[in-house]
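In what follows, a single structure is set out as structure tokens and then discussed.
The values are calculated or read from the model by the stated rules, or taken from the named source; none is laboratory data. Model, not experiment: these values are computed from the prediction. When we count neighbours, we look across all protein chains shown, and the Cβ atoms used for this are built from the backbone with ideal geometry, even at glycine. The accessibility values were calculated without ligands, DNA or RNA, using every heavy atom of the protein model including side chains. Shrake-Rupley method; radii C 1.70, N 1.55, O 1.52, S 1.80 Å.
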Amino acid sequence: MKKYINSLEESKKYYMGLVVEFQDTFYDEPDYFFFMTSAIDRAMNINRGFITLTKDDNYSCAIPLMRLMIDNCLRFWAISLVDDRHEYIRVWGSGEKIRSMKDRNGNKLTDKFLSESFALLYRGVDKTYNDACAFVHFSEQNLYITAKADKQNERRVNLRIDGYDHFSETTKSNIDNWMLYFNNILIDTIRTISQTVLVERVTLNTPTTVH
């Protein structure tokens, strides 16, 4: 479990590496650079909160942050699905709902569509997204944490009300691993899309040779 947390702490240097890598190449496309760096800054803040909570053994509050990290991945990836990235950034930056926009095939960019589509590229995104949502809302997960069946008497339920969630070490390790997984996805997605944008710009700016 500790190795995953250490890797999360080290992820900051990879995010900052992306900033350094692309800061000079997007000087004439500042809206994209602001979009990219906003996602990076949010990811680092989410990680900082997640690490603090897990070190305090507060996984009930840490799990919703994993959902926020997935949201970061989905909304950044969505820019690659539209024809006009500048319009997408405008809608995102204005506070409008991106679910009102459509991808190239006419699908609305809803959270459900994005999570299910992204899961075709990266396993577990949609299921983990939905599981984490259960900790965002007051749901049955809160009951499972508080009430446990008595192993000695199946008709009796033990209530544990002490402000601690008491996840097993295996479960906590899996949660940490998934959080690291989604960080790696985001870093990969940002680099891939940024490189694609650069290639598109080079292609558009290359003069056509007339024979």
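Counting only protein chain heavy atoms and rolling a 1.4 Å probe, the accessible areas of K12, K172 rank, largest first, as K12, K172.
With a cut-off of 9 Å between beta carbons, the residues surrounding D126 carry a summed charge of +1, where Lys and Arg count +1 and Asp and Glu -1. The label point for H166 and the one for E9, both projected 7 Å from the Cα toward the Cβ, are 3.0 nm apart.
In this simple spin-label model, placing a label point 7 Å from the Cα along the Cα-to-Cβ direction at both N130 and Q195 gives a separation of 3.3 nm.
If you take all other residues with their beta carbon under 12 Å from the beta carbon of K2, and give Lys and Arg +1 and Asp and Glu -1, the sum is 0. With K and R counted +1 and D and E -1, the other residues having a Cβ less than 15 Å from that of K55 yield a net charge of -2. For R191, the accessible area of its heavy atoms, probed at 1.4 Å with every protein chain present, is near 80 square angstrom.
Considering only alpha-carbon pairs that sit under 8 angstrom and 6 or more positions apart, the relative contact order computed for the stretch 1-133 is 19 percent.
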